[in-house]
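Since every read-out is calculated from the coordinates, none of them should be taken as a lab result. Model, not experiment: these values are computed from the prediction. No Cβ is skipped: glycine too gets one built from the backbone with ideal geometry, and neighbour counts run over all protein chains shown.
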Amino acid sequence: MIVRLVLSPSRALAAVIVVLHAAAGASAFLVLGGIAGAALGAMLLALGVAAAWSRALLRSARSVRALEICGDELVVELAGGQRVAAAAPQRCYVSRLAVVLPLGRTVLVAADMLSPADFRRLRLWALWRKLPGVAGKQLPA
């Protein structure tokens, strides 16, 4: 059984990324001061916008657009159309808000990037490497 999970952009995650990078930039400016602090702060903010653009808003050609789960194997589909097969990671971070999959490049899936049912499936697979199933007697006739 193959489960395809299509990700949607997360505005909330994008906002968090940009705000945290802006805070880092402001901190750098307060510590360094002057032109160097302002330049570093601006670069950190620009990095946050770029990260939000590719990771949370899924606008880059290398952004993860879909995950296909089949047993212990995972296929990552990028926005550019490229498909990358990956073995199931040994450890994943799973919470009610996000799932982090270390697949060589770390993939963060926020809860609002999937429907609640699909996010639950991903969380269960990340924890147990099994997808929820339905017993034969429970299926409609």
- Message: If I stretch the segment between residue 11 and residue 50 completely, what's the gain in nm (0.36 nm per residue apart, minus their alpha carbon distance), one decimal?
- Response: 12.7 nm
- Task: Report relative contact order for the chain in percent, whole number only (criteria: Cα-Cα under 8 Å, sequence separation at least 6).
- Result: 21
- residue 93 versus residue 79: modelled label distance in nm, points set 7 Å from Cα along the beta carbon direction: 2.2
- Globularity index of the stretch 11-56, i.e. its alpha-carbon radius of gyration over 2.2 N^0.38 Å: 1.14
- Message: Between helix 116-128 and the chain, what is the angle of the helix's C-alpha long axis to the longest principal axis, kept within 0 to 90° and rounded to the nearest 10?
- Response: 90
- Evaluated over the chain, the Cα radius of gyration and Dmax, each in Å: 18.5, 73
- Item | Rounded Å value of the spacing that divides the Cα centres of the stretch 54-82 and the stretch 106-120 | 12
- Query: Could you give the length gained on full extension between residue 4 and residue 120, defined as 0.36 nm per residue of separation minus the Cα-Cα distance, in nm?
  - Reply: 40.4 nm
